[in-house]
Amino acid sequence: MSAEGHRRIRSGDPAPAALPVRSESEVVARWVGDRPVVSVLCLTYQHVGFIEDALRGFLGQDTDFPFEVIVRDDASTDGTAEIVRDYAARFPNVIRPVLETENTFARVRPGLVLIPLARGEFIASCEGDDYWTDPAKLQTQRDGLIDHPGFVASHHGVTVVRSDVVVRPEKRTRRQCRDFTAHELARGARIITSSILRRNLPMETIGPGRFAIDLWVRARLGQHGGARWEASVKPSVHRLHDGGIWSSRTEVERARTQHALFAGFSEEFALSAHDDLARYYRRMARALGTYARVADLHPSVAAAMAVARRSAWGS
């Protein structure tokens, strides 16, 4: 089915429905083999009102291969951990919970905990406040990468909702909904976390691993190949809410965060002898630093610059 074959999503529509709950026997009914082919990694914290939709999206996947769902709760206090624990008890052959007793966000990158636990040949990611809507997502993306070995990842559409209402039918611009070359992937091609399926490749890390985040992973993946666009997969859902770590930040706060990240990327790529990428991220860091300074002194100019930034990054 092409993207046009899906029901057209419009701003103001109700949020797409989460997938229905299934029993574990239904989830594993068509599996062939024992070892997980795909590892689904989910980070969650204070997502009591959202995590069940995410879990339903994982468990609603209809595949002919085994997959595992590894959920890490960073010591939530709102009941999120209890929901994860309940689902893990009901789906012991699918869900592997990692339930922290102390919040470690300030000193531990969550990906550093989950990525080494992934046993699958492929890795899919989705945070606990987002969810998948297509039961064929994993099967389609995995088959696509098997059929096209030159790609290291695939991605699809993402719809943005707030308060269960669609605010953006697609998170990115039309020109970002396509295949990306390895060159583009290494330079921060805009791929949304909940849409990506990637090969489980060793991630070269030069420093203390402080960049175990999606953008850094994509930059490293770009050393091995490009990313395939899967138009047939129904969009996943990205939620905007007051508790969102990224969505709750201002444009300037995001720019400052990315400035620090890209400056670090430049240092790390220089250490690993990727001089072209080191220069690229150094230029990006300088541009973001300039934007943040202009925003402090000339807010109206910064507002115009923000439009260009959103167009380029889809954020």
Here, His183 and Glu253, labelled 7 Å along Cα→Cβ, have an inter-label distance in nm of 3.7 nm
Ordering 275-287, 9-21 by per-residue average of other C-beta atoms within 10 angstrom, highest first, gives 275-287, 9-21
Cβ-Cβ cut-off under 10 Å around His156, Lys and Arg +1, Asp and Glu -1: the net charge is +1
Hull volume per residue for the range 65-158, using the convex hull of the C-alpha atoms, in Å³ is 133 Å³
In whole Å, largest first, the alpha carbons of the range 1-112 cover along the principal axes 45, 42, 24
Packing-ranked peptide list from 224-236, 83-95, highest mean Cβ count within 10 angstrom first, is 224-236, 83-95
Rounded to 0.05, the calculated FRET efficiency for the beta carbons of Ala287 and Leu240 at R₀ = 22 Å is 0.30
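Is there a quick way to get the dipole size of the range 68-158? I mean about its Cα centre, with the Cβ of Lys and Arg at +1 and of Asp and Glu at -1; what is the value in debye to the nearest 20? Mind showing how you got there, number by number?
On the way: 9 positive and 15 negative charges, 61 e Å.
Rounded to the nearest 20 debye, it is 300 debye.
Quick note: the coordinates plus some simple rules give every number you see, no bench work behind them. Everything numeric here is computed off the predicted structure, so don't read it as measured data. Virtual Cβ from ideal backbone geometry, glycine too; neighbours counted across all protein chains shown.
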